[in-house]
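The values are calculated or read from the model by the stated rules, or taken from the named source; none is laboratory data. What you see is a predicted model, and the numbers here were worked out from it, not measured in a lab. Using ideal geometry, Cβ is built from the backbone for each residue, glycine included, and neighbour counts are taken over all protein chains shown. Note: areas computed on protein heavy atoms with side chains; ligands, DNA, RNA excluded. Shrake-Rupley method; radii C 1.70, N 1.55, O 1.52, S 1.80 Å.
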Amino acid sequence: MPLQGRPRRLWLVAHRWLGLSLGAVLLVSAVTGTLLAALRPLEHARAPAVQPGLGGPVAASALPWQAALDELRRLHGPHASFTFRPPRQSDETLWVFVRGPRWNGTAYFHPTQGRLLAQIGERERLFGQLFELHSELWSGDTGKGVLSVAALAYLLLTVSGLLLWWPARWHQGVRIKWSAGGTRRLFDLHRVVGAAAGLLVLVCVASGAYMAWRPLSQWVTRAAGASTLAPPAVLRVSPQVPPVPLDVLVTRGLAQWPQARVGYAQVPAGEERPVRLRLRLADDPHPNGLSSVWLHPRTGEVLASHRWTALDPGARAYAVVYPLHTGEWGGPLHRVAVGAAGVVLAGYGITGVWLWWRRRRTSARPRGAVVGSS
């Protein structure tokens with residue numbers, strides 16, 4: 001039954017002011033998310049490639065792990081951390097994401113020769129700047145928290161919008177009066193598209209907030225009565241003990257699950273934390289893998305290995321949340337749907353503000369004037 005009278009007015013006020021207060025954040029998230037989806041193929045095309053003829057991606061055991069690490073430490077010092085991404089295609093290079101006090105960006109190495117081909121700073125790429133804006137509003141953890149609050153606001157906007165839209169007769173609920181004035185057409189589009197695509201957009205917004213703000217996954221774990229799995233501790237050894245080459249660490253990590261594919265190899269700054277090998281098993285829905293092997297950087301000992309199915313509930317949810325948000329789960333149609341959700345969310349923000357502004361302009365008109373926004 002559609003809302004009437006005072007309840008409808010209260011929900012309308014809540015919907016309007018939630019949209020106006022946090023709509024700008026959602027609009028930024030929507031526009032940048034859509035641009036990231038469109039620019040991702042161009043970003044991959046811009047990365048240095050190797051000449052065809054390798055016959056397929058180079059096996060993880062044959063990649064120049066240690067040679068690349070030595071070069072990066074020479075260039076960026078001991079206080080930088082490195083995340084290695086092996087080639088996924090036959091012409092791809094070995095990518096290394098660098099995070100350090102002096103420079104952040106991506107280094108590209110030849111997968112067989114170990115030569116450094118190029119380094120591209122994070123701020124040198126439009127894609128990198130958009131990603132920072134999309135994921136943290138250029139504000140680190142504070143921005144991630146704001147995005148999570150905006151996601152909660154969108155949940156309330158969806159509920160209030162559906163309650164306001166709910167029609168007495170269904171044909172009225174999906175009707176757009178194309179012959180009416182521009183403001184009325186815009187109002188009809190806002191409510192009809194909002195009702196039709198609200199759930200799709202909600203999934204994209206909620207999954208993005210889940211990935212952006214780590215406390216959400218921790219709350220899920222606590223709500224399930226479980227404990228968060230923490231990285232194992234690294235026991236100090238004599239400084240005279242030389243570090244184990246990264247090539248050896250990768251080989252030992254892969255021995256835990258020989259059929260797995262290396263998603264990432266994460267080498268932290270210093271030696272107080274273990275080297276982490278992220279592996280993708282055959283049944284893992286996460287495209288980069290969530291199963292992990294932790295290794296001591298000096299002794300090469302396997303400190304812990306966690307299959308993705310054995311992770312705590314909050315962390316295990318990333319196996320579904322990440323591909324759901326990025327559109328990598330259902331192929332091209334899924335990616336199109338995710339891009340469309342970003343366009344729709346941006347449309348909500350623009351049309352909502354326009355309708356509010358038009359309502360203010362027409363509020364002083366005589367009672368008989370057509371407002372078309374409520």
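Some observations on this one:
- Dipole-positive endmost among Pro7, Pro87, Val31 within the stretch 1-154 (Cβ charges, Cα centre): Pro7
- Under 17 Å from the Asn104 label point (7 Å along Cα→beta-carbon), backbone N, the stretch 131-168: 131-147
- Given R0 = 35 Å, the distance between the Cβ atoms of Val149 and Leu333 translates into a calculated FRET efficiency of 0.65.
- Relative contact order (%) - the chain, alpha-carbon pairs under 8 angstrom, separation at least six: 20 percent
- Over every Cα atom in the chain, the radius of gyration and the widest Cα-Cα span, Dmax, amount to 25.2, 88 Å.
- Gain upon complete extension [Asp91, Arg46; 0.36 nm per residue less C-alpha separation]: 14.9 nm
- The stretch 255-271 residues near the modelled Thr299 label - backbone nitrogen below 13 Å, point 7 Å along Cα→Cβ: none
- Stretching Ala24 away from Val241 to a fully extended chain increases their span by 72.7 nm, per 0.36 nm per residue minus the current alpha-carbon distance.
- The convex hull built on the alpha-carbon positions of the stretch 180-220 has an orientation-averaged projected area of 3.7 nm².
- Calculated FRET efficiency for the pair Trp356/Ala255, C-beta based, R₀ 51 Å, to 0.05: 0.25
- Heavy-atom surface analysis with a 1.4 Å probe gives the chain a carbon and sulfur content of 61 percent of its accessible area.
- For the stretch 290-304, 3J(HN,Hα) per residue [Karplus equation, 6.51 cos²θ - 1.76 cosθ + 1.60, θ = phi - 60°, Hz, x = Gly/Pro]: 10, 6, 10, 10, 10, 10, 6, x, 9, 9, x, 5, 6, 7, 6
- The calculated pair-distance distribution of the stretch 72-201 uses every alpha carbon pair, bins of 10 angstrom beginning at 0, and gives 10, 24, 20, 16, 15, 12, 3, 0 percent.
- Extension gain, Ala233 to Leu200, is 7.8 nm, computed as 0.36 nm per intervening residue step minus the present C-alpha separation.
- Residue-normalised accessible area of the stretch 286-349, given per residue in Å² at a 1.4 Å probe: 38 Å²
- With the simple model of a label 7 Å out from the Cα in the direction of the Cβ, Val248 to Ala223 spans 4.6 nm.
- Scanning the chain for long hydrophobic helices, with DSSP H runs required to stretch 30 angstrom or more by C-alpha along their axis and to average at least 0.0 on the Kyte-Doolittle scale, returns 5-46, 140-165, 182-212, 331-362.
- Most positive-pole-ward Cα, Ala224, Val234, Gly198, against dipole of the chain from beta carbon charges: Gly198
- Most mobile of Thr93, Thr158, Thr183 in a GNM of the chain (Cα contacts under 10 Å): Thr183
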